[in-house]
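Participant: For reference, the structure I am asking about is given below.
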Amino acid sequence: MSPFLTLVTGLGTGLALIVAIGAQNAFVLRQGLRREHVGAVVAVCAASDVVLVLAGTAGLGALVTRVPALLDAVRWGGAAFLLVLAVMAARRVLRPAALDPAGDATASLATAAGTALALTWLNPHVYLDTVLLLGSVAAGHGDARWWFATGAVVASIGWFTALGYGARALAPVFARPVAWRVLDGVIAVVMAALAVSLVATA
């Protein structure tokens, strides 16, 4: 397979793993809609994915499979963190005063970046999908694995940038408080479901 086709394969594989709705994507979307620390949140999520993709391509996946206690610790910590975020989203749904994005208290840059980091690194699926699975597929390309990794990296950077900055195109829809109630309701359900799934697989 040519380097270009390998790169395209990496791009497609990376998008397939990252586009599915999850806690991280929901958070980036909400920050984009609020136009709050979008650049920092996108940078944190994209940079984290780049590190994970490169680590998987370099062979870190083998270490992940040999240290199950590490995944267990991340699983329980991630579940607790996701439940907290689910409760916060549910409270916004139940409290009309908190639905208007202009009326919400603006989170600090450190809080936004910290949340993005936690949603990435406290999710054990990121190690299984991005490090182990993506790393295994990359290894199958032999010497061309770094072309595959490049495609996956481009997918991550492109997706988070499009999600964070493209969210403002939905601003007219979210000018109505009910739209925020629906979004936060979806976020609460997604994060709670992910937390339960993490514990269920322990």
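The values are calculated or read from the model by the stated rules, or taken from the named source; none is laboratory data. No experiment lies behind these values; they were computed from the predicted model shown. Every residue, glycine among them, receives a Cβ derived from its backbone with ideal geometry; neighbour counts consider all protein chains shown.
Participant: Considering only the range 85-102, state which residues are over 11 Å from D184 (Cβ atoms), of a type in the set (A, V, I, L, M, F, W, C) and modelled with pLDDT under 85.
Facilitator: Within the range 85-102, A97, A102 meet the criteria.
Participant: Then there's this: Give the range 44-84 a look and list any residue that's among the β-branched types (V, I, T), at pLDDT below 75 and assigned to a helix (DSSP H, G or I), or say none.
Facilitator: Scanning the range 44-84 gives V64, T65, V74.
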